[in-house]
Amino acid sequence: MSFLVIKNLNITNKKLLLLENINFELKKGEVLGIIGESGSGKSLLCKTILNLTPSNLNAKGNILLEKQEILNSSCNIRGKKIAVILQEAINAFDPMYKIGAQILESLEEKNKKKAKEIALSWLEKMDIKDSKKVFESYPNELSGGQLQRVMIAIALAQDTPLIIADEPTSSLDVITQRKLLEIFKNLKNKTLIFISHDLALVSKLANKILVIKKGKSIEYNQCETIFNNPQSEYTKHLIKTRKELSQRFLSCLK
Ligand SMILES: Nc1ncnc2c1ncn2[C@@H]1O[C@H](COP(=O)(O)OP(=O)(O)OP(=O)(O)O)[C@@H](O)[C@H]1O
C-alpha cells in the first residue's frame, strides 16, 4: 500500500509554471532521491509536501499521506507525520531561545525529562560531543555544521513516519556525512525523501529517483535503472558531470 502519493502536482506563480505535473508514489520504508540542477524545483516540491507553499504561489493536484489529502489542508503534519531537515539550518532556529528549549518545543513527548534524554541521545548519535553544553547554547554560539547536526537530531528524535531531507549534508564534514548515511540506511520502516546534489550519496540510499529539470519531471524510476540505464539525455548528463565531483566522497566510503 502506498504511504505517500503525489498526483499531477502543479505549482504556478501567476501564469508561470514552476512545477509541472509531478507524480510519484512511495511505500512505507522507501527512500526517494530527488535530483536536478539548482533552481529545478526540488525545494519547492518539499515545501509543498510540508504545507509550506509560499503564499504567492498556487499549488494544484493531490498529495495523499496515508490516503489523506494534505495539499492546501490545515492539518498539522510537521513534527507529527513529517520531520524536515533543511539546508540552511541557521534559519530554522530562533536566535532568542536556547537550543534545548527549541528541541523540547519540537518534540511530541510532553514529559520534559524523557524528551531531554531522547534529544541528548540523538545529539550524541550525531557526534555532538558536548551535548549538554550545546543544549544550553544559543544558535549563534554554534557553527553551521553543529546547527545542521542539531537539526538532523531533532528530525530523528521526532520519530515521524516520513522525513524530508533537503540537502542535509551541505554543511557536514565527510565523517559526519558518512555517519548520517549509516543512520538513514538503518532507519526502519520510515519513508525518506532525500534531496542532494551528491549523486554518490543518493545512489547509496535511494530505492527510487525522481529527476527534475526546470520544474518538469524528466525521469522517475528505480535507483539502479536511473544510474545504470538512464533514459533521458538530461539524466545522462547529470550523472556524468556529477560523477567526478562525487569521486572523492565515494573513495571515503570504501
Ligand atoms: N516564492 C516564490 N516565488 C516565485 N518563485 C519562486 C518562489 N520560490 C521558488 N521559486 C522559484 O522556483 C524555482 C525552483 O526553486 P527551488 O528552490 O525549488 O530550486 P531547487 O531545485 O531546490 O534549487 P537548489 O538546488 O539551488 O536548492 C526557482 O526558479 C525559484 O526562483
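Just so it is clear, none of the values below were taken in a lab; they were calculated from the coordinates. Keep in mind that this is a model prediction, so the values were computed, not measured. Neighbour counts are summed over all protein chains in view; Cβ atoms, including those assigned to glycine, are modelled from backbone coordinates with ideal geometry.
About its Cα centre, how strong a charge dipole does the chain have in debye, to the nearest 20, once Lys and Arg get +1 and Asp and Glu get -1 at the Cβ?
Numbers: 39 positive and 27 negative charges, 65 e Å.
The calculation lands at about 320 debye.
What number comes out for the charge environment of Asn207, summing +1 per Lys or Arg and -1 per Asp or Glu over other residues with Cβ under 14 Å away? If you can, show how the numbers build up before the last one.
Working: positive: Lys27, Lys28, Lys185, Lys190, Lys204, Lys208; negative: Glu25, Glu30, Glu224.
Counting the neighbours of Asn207, the net charge comes to +3.
Report, in listed order, any pair from Lys28/Lys98; Lys42/Lys116; Lys14/Lys240; Lys185/Lys216 with a Cα-Cα distance greater than 31 Å.
Flagged as over cut-off: Lys28/Lys98; Lys42/Lys116; Lys14/Lys240.
How far is the Cα center of region 199-229 from the Cα center of region 46-119, in Å?
That distance is 25 Å.
For every other residue with a beta carbon closer than 13 angstrom to the beta carbon of Phe24, add +1 if it is Lys or Arg and -1 if Asp or Glu, then tell me the sum. List each step's numbers first, then the result.
Values: positive: Lys7, Lys27, Lys42, Lys208; negative: Glu25, Glu30, Glu219.
Residues near Phe24 contribute +1 overall.
List every DSSP H helix in the chain whose Cα atoms extend 30 Å or more along the helix's own long axis and whose mean Kyte-Doolittle hydropathy is at least 1.0. Walk me through the intermediate numbers first.
Numbers: long enough: none.
Helices meeting the span and hydropathy rule in the chain: none at all.
Please identify the trypsin sites (Lys or Arg not before Pro) of region 98-147 that satisfy two criteria: DSSP loop assignment and at most 14 other Cβ atoms within 10 Å. Which are they? Could the numbers behind the result be given before it?
Working: sites: Lys98, Lys110, Lys112, Lys113, Lys114, Lys116, Lys125, Lys129, Lys132, Lys133; in loops: Lys98, Lys110, Lys129.
The qualifying sites are Lys110, Lys129.
Any idea how far apart Leu57 and Glu224 come out in nm if each label point goes 7 Å out from Cα toward Cβ?
3.4
When a footprinting reagent is the concern and you count Cβ atoms within 10 Å, what order do Ser143, Ser203 take, fewest first?
Details: Ser143 9, Ser203 19.
Sorted ascending by nearby Cβ count, the order is Ser143, Ser203.
On alpha-carbon atoms, Rg over Rh for region 126-252 using Kirkwood Rh? Working shown, then result.
Numbers: Rg = 16.3 Å, Rh = 16.1 Å.
My calculation puts Rg/Rh at 1.01.
Taking just the alpha-carbon atoms of region 21-84, what radius of gyration and Dmax come out, in angstrom?
So, for region 21-84, Rg and Dmax equal 12.1, 33 Å respectively.
Please work out the ratio of the alpha-carbon Rg of region 75-137 to 2.2 N^0.38 Å and round it to two decimals.
Details: Rg = 12.1 Å, N = 63, 2.2 N^0.38 = 10.6 Å.
In units of the 2.2 N^0.38 Å rule of thumb, it is 1.13.
As a check on your grasp of the helix formula, calculate [θ] at 222 nm for the chain: sum -39500 (n - 2.57) over DSSP H runs of n ≥ 4, divide by the residue count, round to the nearest 500.
Working: 9 runs with 95 residues, N = 254.
It comes out at -11000 deg cm²/dmol, rounded to the nearest 500.
Extent of the chain along each principal axis, from alpha carbon coordinates, in Å, largest to smallest?
Extents along the principal axes: 50, 46, 34 Å.
First select every other residue whose beta carbon is under 11 angstrom from the beta carbon of Arg149; then total the charges, Lys and Arg +1, Asp and Glu -1. All intermediate terms of the calculation are to be shown ahead of the outcome.
Values: positive: Lys125, Lys129, Lys179; negative: Glu124, Asp127, Asp173.
Taking every Cβ under 11 Å from that of Arg149, the sum is 0.
Treat the count of other C-beta atoms within 10 Å as a stand-in for reagent exposure and order Asp130, Asp198 from fewest to most. Walk me through the intermediate numbers first.
Values: Asp130 11, Asp198 21.
If I rank by nearby Cβ atoms, fewest first, I get Asp130, Asp198.
Let me know the Rg and Dmax you get for region 1-126 when you use only its Cα atoms, in Å.
Calculated on Cα positions, Rg and Dmax stand at 16.8, 51 Å.
Can you give me the long-range amide H partners of Leu71? Hydrogens built in the peptide plane at 1.01 Å from N, cutoff under 5 Å, separation of 5 or more residues or another chain.
Ile63
Whole-Hz ³J(HN,Hα) for each residue in region 196-209, computed from phi via Karplus 6.51 cos²θ - 1.76 cosθ + 1.60 with θ = phi - 60°, x for glycine and proline: what do you get?
7, 7, 8, 5, 5, 5, 4, 5, 7, 9, 7, 8, 10, 10
Looking at region 113-221, send over the antiparallel percent of its DSSP beta bridges, to the nearest 5. The partial results should precede the final answer.
Values: 5 of 10 bridges.
Bridges in region 113-221 are about 50 percent antiparallel.
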